[in-house]
1. How much length would be gained if the chain were fully extended between residue 188 and residue 203, taking 0.36 nm per residue of separation minus their Cα-Cα distance, in nm to one decimal?
2. Modelling each spin label as a point 7 Å along the Cα-to-Cβ direction, I'd like the residue 353/residue 13 distance in nm, to one decimal.
3. Can you grab the distance from the C-alpha centre of region 149-226 to the C-alpha centre of region 269-340, Å, no decimals?
4. Could you check the simple spin-label distance between residue 342 and residue 84, using points 7 Å along Cα→Cβ, in nm with one decimal?
5. So between residue 6 and residue 77, what do we pick up on full extension, going 0.36 nm a residue minus the alpha carbon distance?
6. Taking the Cα-to-Cβ direction at residue 317 and at residue 292 and moving 7 Å from each Cα, how far apart do the two end points lie in nm?
7. Within a 10 angstrom radius of the beta carbon, how do 302, 14 rank from fewest other beta carbons to most?
8. Can you sort 258, 288 from fewest to most other Cβ atoms within 10 Å of each residue's own Cβ?
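A short reminder: the numbers here are calculations on the coordinates, not readings from a lab. Bear in mind that the values here come from a model prediction, so they are computed numbers and not experimental data. So basically every Cβ, Gly included, is an ideal-geometry build from the backbone, and we count neighbours across all protein chains shown.
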């Protein structure tokens, strides 16, 4: 992944002030690439420098911020022609800046992101859930057990309203999915959850965000898992524990591109920095895939306060204990607390019958 820069470093390299960057983030024009789940501190990536410089050049040309935002939302050649006409009487320096911005934008090539696919088998699920404040002052985790939908969310601890974000995201996910129980409906529910949290943050003049991992029983495909952030879904099958989601944080991205080892990833200074989260921008990319489940499987949805305190082998042993889902959740959370978990701790266990 691209190198992360603090807002000060990014400002120095792109030429936009920190105040401008905060303003552009607020309207969704230039949203930070990652957010520290502990402090709420935001980071930009080097891959965003190009767009920032284009925006800066357009502002030098006198183009209004709202007009720039509308262009990036719906690019059109006609808009460039209108801008050119509007500044034809302006100074040579403004016209030169517009030409440079246009040339820079046309030179950009954006890679495609193919969708993830999967195969599913659905069954009846028995559930249990436990959440605990752990080492925090407030519990910003949330759980959802609803008809055909199970989810866990971890509000970003560095933001004042992390608990509001996690609860709001899950409530929105539930109501939106109830209206359309297809795979497309589940993804639209996640998109709507992001939109609602983002709008709430802007209305309150604050910052908020949350992770989400969910398992939905869709009418068209069956069991589908979706997630944003670093909360996880595990499957225990035949005494083998498998992580079915990929974390959206800095060390996980580096690990996937073989830039760090497993040990370096576990101790990385940016291990709490999320590269995706619900509610920190007007749009978010949601990972989703079919979830292959069969009778005898056990599923675990959990926040990082749980899996950061226990090894995969320890998680497997507790999940394979033979206890019912609720007792297993209680045991998992208790085990994390005995390790003096410094975060909220949440577990949701599903038995496939």
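1. Values: separation 15, 0.36 × 15 = 5.40 nm, distance 2.21 nm.
The residue 188-residue 203 span can extend by a further 3.2 nm.
2. 5.4 nm
3. 17 Å
4. That separation, rounded to one decimal, is 5.7 nm.
5. Taking 0.36 nm per residue and subtracting the Cα distance, the gain is 22.2 nm.
6. 2.9 nm
7. Lowest count first: 14, 302.
8. Numbers: 258 7, 288 21.
So the ranking, lowest neighbour count to highest, is 258, 288.
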